[in-house]
Each structure stands twice: as C-alpha cells, then as structure tokens.
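Read the structure below first, then the notes.
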Amino acid sequence: MKQSHQNLVDALIAQGVTTSPVSRADIASANQSNGKSASVPSWILHDQSRRAGRGLFHVPEVCGSGHETPAVVSPVTQPAPAPRPVAPVASPVETAPPPAAAPASTLALTGGESATLVPNRMKTYVPFGHFNDMERIVMSGLFYPCFITGLSGNGKTTMVEQICAKHGREFYRVNITCQTDEDDLLGGFRLINGETVWCDGPVVAAMKNGGVLLLDEIDLASHAIMCLQPVLEGKGVFLKKIGQWVQPAPGFQVFATANTKGKGDESGKFAATNVLNEAFLDRFPVCAEQEYPSAATERKIVNGTMKSLGLGEAEDREFGKHLCKWSSEIRTLYFADGVDEIVTTRRVVNIVTAYSMFKDRRKAIQMGVTRFDTSTQESFMSLYEKIDAAATPAEPVGDATRYDLDSTFEQKDTVKSAIRAAGGNPRERFDPIKKKWWVTPEERETGAFDQWNPAPVYETATEGSEECPW
C-alpha cells in the first residue's frame with residue numbers, strides 16, 4: 001500500500017472508523033485531518049470494486065485486512081442492495097416519494113466548503129406564478145425537463161431553489177455563459193495534491209445523486225451546450241474521457257431559466273443571448289412563462305422583507321404600500337410602451353433594504369433607480385411623488401432646474417425642432433409620466449419656447465392645459 005493510502009487508513013482508524021464500508025463523510029473528515037482535499041481519493045473513487053452504495057465505499061484496510069477485488073457474480077444471482085427507508089416529505093401534492101438522501105457529506109465539487117447541497121429556506125419567500133406546477137414536477141419522480149422564461153428579477157431561479165429547499169432536495173445551479181463547455185458541465189481532469197484526477201462536473205454529480213439541476217441563463221450558451229442532448233433525454237451520458245457510462249439516479253430533474261425563449265433578443269435588453277438549436281429546445285417538453293407577481297403578492301413579499309429587516313411601524317407599512325403601487329404602475333406603462341425601463345420585484349426588495357438602512361423614502365427610491373438614464377430617473381421619481389406626498393421634496397430656491405412646456409400633440413415636431421435649435425437633445429426631453437416636454441433654464445432664456453408658456457416643474461401653472469399624448 002502506498003504511503004498516501006496508508007495515511008488515509010490510519011486517519012480513519014484514529015477517528016474510530018474500524019468497520020467497512022466507510023461513508024463519504026468519514027473519508028472527507030479523515031482527509032482534512034491529514035491536510036488533504038475533502039474529496040474521495042481517486043484510488044477509491046475509480047475502483048468500482050470499492051463501491052458499496054450511494055456515498056459508501058469498501059475500505060477493508062481499516063479492519064486490518066487487505067482489499068481484494070470481489071469475484072464477478074452473475075447479474076441474475078447477484079443480490080440487490082436492500083432499499084433504504086425514505087422519510088415522508090410533507091407536501092400538499094400527492095406524489096411519489098423522492099429518492100433517498102445521501103448521507104450528509106462533503107461532495108468533491110463543493111471543495112469541502114459545504115456539507116450539503118440542499119439550499120436554505122427563505123423565510124420571506126412567497127410562492128407565486130408557476131411554483132405549484134414546478135413543485136408537482138419535482139415531486140412526481142418523473143424525468144420532465146422544464147424551460148422557464150420571463151423578464152429579469154421575477155423569481156425564476158429562486159422558485160426552483162425554494163422548491164428544493166422545501167423538500168430537502170440537492171440543488172445544482174450552473175450559471176451558463178458563452179464560454180461554458182463540456183468540461184465545465186460534465187467534468188474533466190483536475191490537478192489535486194499533485195495528482196491528475198477526474199472530477200465530475202455538476203451535471204454528472206446531479207445525475208448520480210438524483211439531484212435537481214438548474215441551467216441558469218441558458219440562452220447565453222454557445223453550441224457547446226449540445227453535449228447535454230442525451231442528458232435531456234433522460235438516457236444517461238457517456239463520459240468519453242474516462243470511458244464511463246453514467247445513468248441518472250431516480251429523482252434527477254433538469255430546469256433551465258432564460259430571459260428569452262431561446263430565439264434571441266431584438267430589444268437589446270438582454271445582451272449576448274443566442275438563438276439556441278431547435279433540437280436542443282425541443283427536448284424540453286414544457287416551457288413556463290413566469291410573470292411578475294400580482295400587486296397583492298408583491299405586497300406580501302415586501303411586508304415579509306420588512307419584517308425580516310425589523311421594519312414594522314405604521315410609516316414603514318405605508319411606504320411598502322406606496323412602493324408596490326408605484327412598481328405596478330411602472331410595469332403597466334412599460335407593457336404599454338409608455339416607458340423603456342421596468343422596476344423588477346428584485347429591485348423593489350433592494351429598495352426596501354436601502355430604506356431599512358437610511359429610513360428615507362425618497363433616498364431609497366433614488367438609489368434604486370440610479371442605474372437608469374437621467375430622463376427615466378426623473379420620470380420614475382415624479383411618479384412616486386404623485387403616489388406618496390411624503391416623498392415630495394421642498395420647492396427649490398432660485399431658478400428652476402427645468403421648465404414644462406404647454407404643448408399639444410400637433411406641435412410635437414415644432415417642439416423637437418425648437419429644442420434642437422436651442423442645442424438640446426429631444427430624445428431626452430420628454431417626460432412620459434407627465435406627458436410634457438421640458439427645457440433647461442439656459443434654453444428657456446433663448447425665448448424660443450415662449451409660445452408654449454414654459455412653467456417651472458415645481459409649480460402648477462400648466463395644470464388643466466391640453467397634454468400631448470405621444
């Protein structure tokens with residue numbers, strides 16, 4: 001026996017392991033006590049005769065006996081391993097029981113940093129959209145790949161994660177990029193402790209352990225993603241680099257999320273998304289289009305977030321109510337082509353977090369919309385001020401920062417020409433919320449806009465005038 005092998009055996013015995021088979025967790029602990037990687041060493045992992053079951057390995061050396069390859073037994077006479085009992089999972093869905101969970105262990109792909117791949121439950125999570133449908137698919141025990149599409153920040157990834165958290169399922173999330181290749185997904189050879197060893201990729205690990213695999217942002221993938229064709233058919237995959245055929249364990253499931261439906265993006269909002277191969281897309285039997293939560297559901301999300309942040313005063317709840325109404329109206333405008341940007345549920349939660357730190361409604365909103373262009377920021381702030389009077393700033397002293405123009409729809413081309421003549425950019429001078437053109441004090445002084453009765457934005461001189469609808 002090599003010295004490195006003997007060191008592992010000695011460490012196992014030292015921690016009280018004197019019977020075989022040995023669990024993956026015991027091997028990981030022994031390795032770490034020797035200052036080694038927590039992963040199962042290749043001389044055990046790749047010796048099929050040492051496989052004793054899921055997460056278990058034959059290491060008879062700890063009993064004082066050497067290891068011998070067992071004689072080949074006919075498939076007909078070879079005794080089947082006794083099934084392991086499965087604890088029932090409380091669920092509103094009547095389903096087949098999930099596969100037996102592996103012993104708490106540190107998988108090689110976690111680098112020894114985590115003892116489990118089951119995600120934590122979010123106390124603030126509120127199920128909505130396709131949650132119940134996706135939960136039923138996961139708990140059915142059937143292999144049924146699902147493609148989940150929808151705009152950003154509407155809970156696609158979190159939905160799958162929280163289904164796994166609810167039912168104690170291992171969750172393998174892989175963030176896809178244009179550079180993701182077969183080696184990243186299926187596995188490859190890695191240099192560990194001076195030895196070149198094969199390491200399973202997340203896809204293969206999920207298959208072997210009957211976990212839930214999430215291919216996040218799948219529409220960013222290149223043609224290299226085609227290596228998953230057999231995986232999506234549920235037939236297993238051949239690892240040609242090591243000559244091994246891997247069959248999926250019971251409970252293995254695949255989800256893919258994307259902002260598009262794999263047909264590319266013409267809006268320019270989702271850069272680097274690609275047109276995916278039709279044969280690849282056709283292997284997803286279902287496509288779920290996730291929408292943003294309803295106003296009532298988003299209110300529950302906001303209230304739960306506030307509670308987790310210690311916000312419970314009447315003024316906090318009032319801010320949450322105004323915030324949800326504001327985001328809902330912006331989405332209505334967005335889908336009606338009234339504005340070019342949208343406030344996602346994720347951004348609403350981030351605004352609540354900012355409010356918990358600064359206790360300033362207006363500042364929290366401003367911090368949440370700063371990533372947008374100046375015109376959009378002002379439009380969104382103006383809309384919120386109409387909803388929440390408490391967030392309206394005091395009237396400025398001295399010159400106004402801009403003036404609204406009392407123009408009609410028929411005058412729009414004339415207004416554009418006047419703005420250009422004054423050195424302005426008409427693309428950023430229209431307020432889609434107020435439906436008003438505006439100019440700066442410097443442009444106001446040119447006199448080119450007198451015919452439209454320019455009025456400071458903080459006054460209401462133009463109230464009641466005909467508003468242009470473009």
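The values are calculated or read from the model by the stated rules, or taken from the named source; none is laboratory data. Bear in mind the structure is a predicted one, so any value in this text is a computation, not a measurement. No Cβ is skipped: glycine too gets one built from the backbone with ideal geometry, and neighbour counts run over all protein chains shown. For the accessible areas, the whole protein counts, side chains as well, though only heavy atoms, and no ligand, DNA or RNA atoms are used. Shrake-Rupley method; radii C 1.70, N 1.55, O 1.52, S 1.80 Å.
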Would you mind stating whether A391 is without any contact (Cβ under 8 Å) to a residue 24 or more places away in the chain and aliphatic (A, V, I, L, M)? no
Given the conditions (1) aromatic (F, W, Y); (2) buried (at least 20 other Cβ atoms within 10 Å of the Cβ); (3) outside any helix (DSSP H, G or I), which single one is not true for F270? (2)
Looking only at residues that are more than 23 Å from the chain's Cα centre (by Cα) and charged (D, E, K, R) in region 308-331, which one is least open to solvent (accessible area, probe 1.4 Å)? D316
May I ask you to say which residue of E161, E217, E195 is in contact with a Pro (Cβ under 7 Å, 6 or more places away or on another chain), open to solvent by 10 Å² or more (accessible area, probe 1.4 Å) and either of a type in the set (D, E, K, R) or within 26 Å of A272 (Cβ to Cβ) (or both)? E161
Quick check: anything in region 198-211 over 23 Å from the mean Cα position of the chain (by Cα) and of a type in the set (V, I, T)? no
Residue under evaluation L12, criteria (1) surrounded by 20 or more Cβ atoms within 10 Å (Cβ to Cβ); (2) more than 37 Å from the chain's Cα centre (by Cα); (3) under 22 Å from N209 (Cβ atoms), criterion not met: (3)
Any idea which of T344, T374 is open to solvent by 40 Å² or more (accessible area, probe 1.4 Å) and either closer than 18 Å to G155 by Cβ or at pLDDT below 90 (or both)? T374
Considering region 286-299, residues that are in a helix (DSSP H, G or I) and within 30 Å of D219 (Cβ to Cβ), and then whichever is most open to solvent (accessible area, probe 1.4 Å), we arrive at A295
Residues (closer than 30 Å to D47 by Cβ and either under 16 Å from the mean Cα position of the chain (by Cα) or touching a residue at least 60 places away in the same chain (Cβ under 8 Å) (or both)) located in region 215-241: G234
Criterion first (out of contact with any strand residue (DSSP E or B) (no Cβ under 7 Å at 6 or more places or on another chain), over 26 Å from M207 (Cα atoms) and open to solvent by 50 Å² or more (accessible area, probe 1.4 Å)) does R283 satisfy it? no
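Residue-by-condition table, conditions (1) touching a helix residue (DSSP H, G or I) at 6+ places or on another chain (Cβ under 9 Å); (2) of a type outside the set (S, T, N, Q):
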{"residue": "G168", "(1), (2)": "no, yes"}
{"residue": "T177", "(1), (2)": "yes, no"}
{"residue": "D184", "(1), (2)": "yes, yes"}
{"residue": "N193", "(1), (2)": "yes, no"}
{"residue": "V197", "(1), (2)": "yes, yes"}
{"residue": "P202", "(1), (2)": "yes, yes"}
{"residue": "I218", "(1), (2)": "yes, yes"}
{"residue": "S222", "(1), (2)": "no, no"}
{"residue": "C227", "(1), (2)": "yes, yes"}
